[in-house]
Each structure stands twice: as C-alpha cells, then as structure tokens.
Amino acid sequence: MVALALLLLAGCKRDRCNVPIGETGAIYLPDYPDIYNNVGGTVVLNKGHRGILVRCSGFGEYMAFECACPQDHDVRMLPDDDHNAVTLTCPSCGSRFEVISSGTPLEGSSTVCTLHQYRADKDGTTLYIY
C-alpha cells in the first residue's frame, strides 16, 4: 500500500514537470540584436507554451528554455533582466531557475523540475528552435 502511494506521488511530480509545448520554429537572428552574436544576451520570444527565452551561450551557440512555470503551466516566468537574463522567476510561486546552462532549479516549490529546454540549432543567420 505504501509503495503504491509513493509510486503515485512520483508519477504526479513527473507529470507536473511535463510542461505543454507550444509553437516553435525559426527566427532570423539579425532581427534580434540582443542575441545575435552577443554572448550572454537574451530575448523572450512569443512562442512555446508561455514564451521561449533564448540565450546566446557562446559565439554562434544558443540555448532555449520554456518560460511556463513547472508548478503552474499557465503562469509565464519572468527573466531577471530583459537583455542579459541569468534566471527566470515565477511571479506566482516564487520559484527561480538558472538559464545559463541547463535550467536547473535554484529555489521555490517547483524545484523538483528543471525547465524544459528546446533544441536550438543555428544555420547561417537562422536559428531553428524545436
């Protein structure tokens, strides 16, 4: 009985971490000077479920994270800076996540989940996010 209860609770946490994925696609990088070959630069796109934060992590290298809070998928997390964000924070539950490398949780009630990370591949001046 106890084992079944633990299994059900573990399942709930996994489901909570599965944020719905919305629209992805391609962007023309020169239209986004905050991230176009600007290491550390970030921008939030109106894509994904509640937005996608894109970060230039190195020359020609990009990372993309879903902005929906793992605790409440309908809440859009906010970057700590509009142009050079290093964290996303949920205005509802207060959870914070780093967006420099892996979307690791830093604090708050959503810390059982990492952020959903999209794949981001650059081809010339186009960034494909999927």
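Values in this text are rule-based calculations from the coordinates and carry no lab data. Treat the numbers as computed from the prediction; the structure is a model and nothing was measured. Here the Cβ is made from the backbone with ideal geometry for all residues, glycine too, and neighbour counts use every protein chain on show.
Couple of notes before you dig in:
- Net charge, T87 excluded, C-beta distance under 15 Å - Lys, Arg +1, Asp, Glu -1: -3
- Extent of the stretch 62-130 along its three principal axes (Cα atoms, max minus min coordinate, largest first): 40, 21, 20 Å.
- Charge dipole (debye, nearest 20) of the chain; +1 at Cβ of Lys and Arg, -1 at Cβ of Asp and Glu: 400 debye
- Over the chain, Cα pairs under 8 Å with separation of 6+ residues give a relative contact order of 22 percent.
- For the chain, the longest principal axis of the alpha carbon atoms and the long axis of helix 2-17 meet at an angle near 20°.
- Relative compactness, the chain, computed as alpha-carbon Rg over 2.2 N^0.38 Å: 1.11
- Expected 222 nm ellipticity per residue - DSSP helices of 4 or more, -39500 (n - 2.57), all of the chain, to 500: -4000 deg cm²/dmol
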